[in-house]
Amino acid sequence: MALEGNVKDFGLSEIFQLISLQKKSGMLSVTGEKPIVVFFKNGSVISTRDRRDRSRDPLKDYLLRYGFIDSDEMKRIERIQTETNLDLTDILLSEKYFSEDELKTIFTEQIQETVQDVLSWPRSYYKFIIGTQVLRGITHYAAMQVEGLLMESMRRIDEFAELQRIFPSEKMVLKRQAMPKSKPPRLESHEEFIYDLLEQVMTLEKLISHARMPRFCTYEALKNLLEKELLQIIDEPKPIEWEESTTVSEAKKQRKRRFLPTVAAVFLLIACFAAGEYGVPYVLPPGWSARFAKAGQVEATGTGNLFSADLQELRLRQLEATVEESLEAYLAIKGSYPFTLESLAVREFIDKGTIARIHQNDIRYRIDENGTSYMLIRNRTR
Amino acid sequence: MSSRSITIALALVLMFAICTPARPNTLSSINNSALRQYTEQELERGAPSMGTTSRILYREALQLLERGEWETARERLLLAAELSGDYADPLFTLARVELMHAHPDFLIYLVDGINRLARNYRSQSLIALNTMFLLVVSALGALLVILVTLLMKYWPLIDHKLREGYRKKAAFPPASWIGLLIIIGFLFMRLGIALYSVILVIALWPLATRKEKGVVATLVILVAAISFASGYINILVPAIDPGSITGRLALISERGADERTIKRIREINDPAFYAEKEFVLGTSMYRLNYLEEARRHFLTAVSKRKDFAPAYLNLGNVYFKQGDYDKAIAGYQSVIALDSTNALAHFNIGQTYIKKMLFAESSSMLKRANTLGIEKYRESHPAVTIRGLTIYEAELSTRELWSIAYREGRAHPARIFSEVLQPYLLFPFHRLWILLAVTMVMAAVVGKRIPKSWRAFRCDNCSMAACPECASSETGLHLCKSCASTIDGLTSVKVMEALLRHRRQKMSTKTGTRSAWRFIIFPGAPCIGHGKTTTGMVVALLNVGALMLLICNGFYFKDPQVIVLSTPLWKYIVPPVFMLLSWVLSARARVQSESRNYRILPAEMHIDRQGSKQAGGGNEAEKKSEQLEALLNSL
Ligand SMILES: [Zn+2]
Ligand SMILES: [Zn+2]
């Protein structure tokens, strides 16, 4: 008698529970992303390793994936395997890679991960073959209760989604943070192992392949370390965005689409500039723009708006006063006024800048023959 | 013209004959013979204090100081201070020299110098004008600095709404350019500080915190108040205008009656100042000993202004010189009738009584003059002592000059601050208060009326910009789109907390380094950027002021009489050091990084979520078990 169907109809977990409740023995093969078999004995899961399909041994993959055994070692084991026709587990034990206890732990963890995988597939096809004969030749080190297995798998599937949000990419670089000196947080053995591994800065990918524990456990330990402020995510490389290759005509169209707004923006900027150049002075009261404040033009308007003209007049008067004061000082020391204003500058009665401003404003200096009186003439007819 | 010079020369000879020769000690310590001669001539022309000589001596002293001959320099400085009654610079330099040599005298000189500054009309109005101007520039500058800082602070929020609004309409140019384009457009328009400030105030008002609004409003009110009063500030303009009526009338107390001065005063043709003009002309004539002409001028002055005390006094002096002592006393008495505390009038009556051999009356009058402070007059008019004058003449007092300046300034159409600030403000400063008032009203209206969906805010977690349209407040926090999506659909509060923290730290390190440099545009800006608004305002105000002093090499409006020598080094050192210090101080104002155990999600969520999760799970399990029963039966 066979039980088969699509996972869409019934959750695979129900099938597991069903087999467990009825304490059936047999083989459940699930075809989803890849084919997988689960062996049940009296309603407990004993293995996921199909003896008939040597090329696809989930235990071997598991050992390689998480860095229990490196690929060179595995090649040696494979050679032994083909020579002796022994089971992988036998070789591992006889070659003393692991003790029996260790292997048992690895074995259960591997089953746990495989089941978790199977359960997370969105759709699959399953078939359950009842009978003890299919179990012949299956080596097993654990008999796992379905109830616990399912609950743990469900928890892991649930939480893994969240963990993947924290660690969205395996390219992330991880760094551990120093243990706070006062009150160091207590670490579980998993966490401690990961923390020790992270003595070197490494990517998540590398960490997983060295962690000797299922991916989920590594993630979980990392999350706990992060919560305990012992972990720092240094660099999160941006996911590479694949730019769609655009055809020539499309590029042309796009260039055309870009052309018009660019012209509009440039035109607007020019309009702003023009507004500043011509519009703003027009709106402001007459004579109020910085650019129209040049002396000649203000007088030319002659509207009685004295603002800028007045300030200029004030500055001229101050300039004249400065010159007169220094002329007076020159007279006081020398006994007569100087012949030219330049001699004031030479004698440091006045600075060179002031002399320059006098010339700029076209102020003439006239002295009478005796040097006892002078005139400052403003030449306004320029 | 030549005949006039001959008469003046004759007058000089006459004066020489009449006046007692100058006290030998003071003038003989001037070692330049030409300068001594010039000073003597000035005294003969009736100069009450020898400003020009004093300034020359002061400059010599400064040159000596540069060479390190401070002993000689000190003598010059003392002489300079003695020869002029209102020139404060030598006293300040003396104070500095004494301080450097650890003499306690420096305090006396300092107080004396301040006294001189305080009683002199020209320095009073110059200081007042410059202080007001410094205040205006500082307030305007600080306002601009604060507004620009606030714009930078709130730019992400403004930009967020701009981008959101724009993104719906077009794909190019990219939405991130739009804000920049708008700013460049505004800058291209060159609207002037006034309009830019207005735009910024209106744009930032809805976003600013209450404290920031307070600071902006304070500065706006300060600027508006000064702008409102700019018509009155106009009365300070004559102080810096040598051609103003006030400036010309003030000449009488600064120099002797020379041809140039008299010509200047004759050129005044504003009938409003006729009495004062006549008085000054009379005084000049009196100094040149044209007594008849002087009398005519004084009589005209008092006929125009019945309460013109100085004119009565100098009229009395004319009669005194003419030997008409009774009329002289009548003149002095009318001064006392107008102002019973006039020391000069009492003193001159006392002197006249001596001429009339009434010694008892004279002595009581002179005593009264002493109590009324004739000594003060002697101090500020060194010529009186040097020449040993019998009677003292009146000039236009500081108060008199202020009232003249007031009348002149009020009649003047120009407004000095408007003119000076015009190229920067591009708006009449004396009308700025109207603009600012309208701005504040508009800002308040805009702040109230702005649609809710336009009110951008910062994400509670990562402080990136968000608005009601794109944010989520499911968790009780206002989270931006990105933050909300990181924790979307999650159940574990701990994980959410960890994810939010991760994002928060990522964003703060990303923006932290940027914002640390972003606000170092001007001292005070970092304080405002980090929420220390009042400190920021004060620092910005002080620094704009310091910068202004540095750029203008002292006050903006300068006394044209002051001949600028090399600028002392401290003027270059003190303001930058001050600015640097405030920069460092304000740059240190940073927000502290968050503590380790900081949790952002509300506390009740930690309990709530777990409860609801269990309840939901229970329901699901029941359903599943029912289906399972059915399957069992079918097998
Ligand atoms: Zn956020
Ligand atoms: Zn938004």
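What the table shows:
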read-out	value
Residues of segment B:240-274 classified as assigned to a helix (DSSP H, G or I), touching a helix residue (DSSP H, G or I) at 6+ places or on another chain (Cβ under 8 Å), in contact (Cβ under 8 Å) with a residue 24 or more places away in the chain and away from chain A (no Cβ under 11 Å), total	8
Residue count for segment B:380-429, restricted to those that are within 10 Å of chain A (Cβ to nearest Cβ), surrounded by 17 or more Cβ atoms within 10 Å (Cβ to Cβ) and within 30 Å of B:Met189 (Cβ to Cβ)	11
Single condition B:Ile183 does not satisfy, out of (1) within 11 Å of another protein chain (Cβ to nearest Cβ); (2) farther than 27 Å from B:Gly531 by Cβ	(2)
Residues of segment B:308-354 that turn out to be of a type in the set (Ser, Thr, Tyr) and surrounded by fewer than 24 Cβ atoms within 10 Å (Cβ to Cβ), as a count	6
Test: residue in segment A:13-34 that is touching a His at 6+ places or on another chain (Cβ under 8 Å), part of a strand (DSSP E or B) and surrounded by fewer than 21 Cβ atoms within 10 Å (Cβ to Cβ)	no
Residues of segment A:35-87 satisfying the condition of being more than 44 Å from the chain's Cα centre (by Cα) and at pLDDT 85 or above	A:Phe39, A:Phe40, A:Lys41, A:Asn42, A:Gly43, A:Ser44, A:Ile46
Residues of segment B:446-463 classified as under 30 Å from B:Met496 (Cβ atoms) and more than 16 Å from ligand 1 (Cβ to nearest atom), total	4
Total residues in segment B:190-215, condition closer than 19 Å to B:Thr533 by Cβ, open to solvent by less than 20 Å² (accessible area, probe 1.4 Å) and either among the charged types (D, E, K, R) or touching a Phe, Trp or Tyr at 6+ places or on another chain (Cβ under 8 Å) (or both)	3
Exclusive hit being within 7 Å of ligand 1 (Cβ to nearest atom) and small (Gly, Ala, Ser), set B:Ala443, B:Ala466	B:Ala466
Subset of segment B:469-488 that is among the hydroxyl-bearing types (Ser, Thr, Tyr) and within 9 Å of ligand 1 (Cβ to nearest atom) - its residue that is farthest from B:Val201 (Cα to Cα)	B:Thr486
All positions within segment A:347-382 that are loosely packed, with under 12 Cβ neighbours inside 10 Å and closer than 23 Å to A:Ile333 by Cβ	A:Lys352, A:Gly353, A:Arg366, A:Asp368, A:Glu369, A:Asn370, A:Met375
Among the residues listed as B:Thr513, B:Thr491, B:Thr509, the single one being within 16 Å of ligand 1 (Cβ to nearest atom) and modelled with pLDDT under 75	B:Thr509
Of residues in segment B:567-591 being open to solvent by less than 80 Å² (accessible area, probe 1.4 Å) and among the hydroxyl-bearing types (Ser, Thr, Tyr), the one modelled with the highest pLDDT	B:Ser582
Considering residues of segment B:432-454 that are at pLDDT 85 or above and among the charged types (D, E, K, R) only, the residue farthest from ligand 2 (Cβ to nearest atom)	B:Lys448
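The values are calculated or read from the model by the stated rules, or taken from the named source; none is laboratory data. Bear in mind that the values here come from a model prediction, so they are computed numbers and not experimental data. Cβ sites come from the backbone with ideal geometry, for glycine too, and all protein chains shown count toward neighbours. For accessibility, only protein heavy atoms count, side chains too; no ligands or nucleic acids. Shrake-Rupley method; radii C 1.70, N 1.55, O 1.52, S 1.80 Å.
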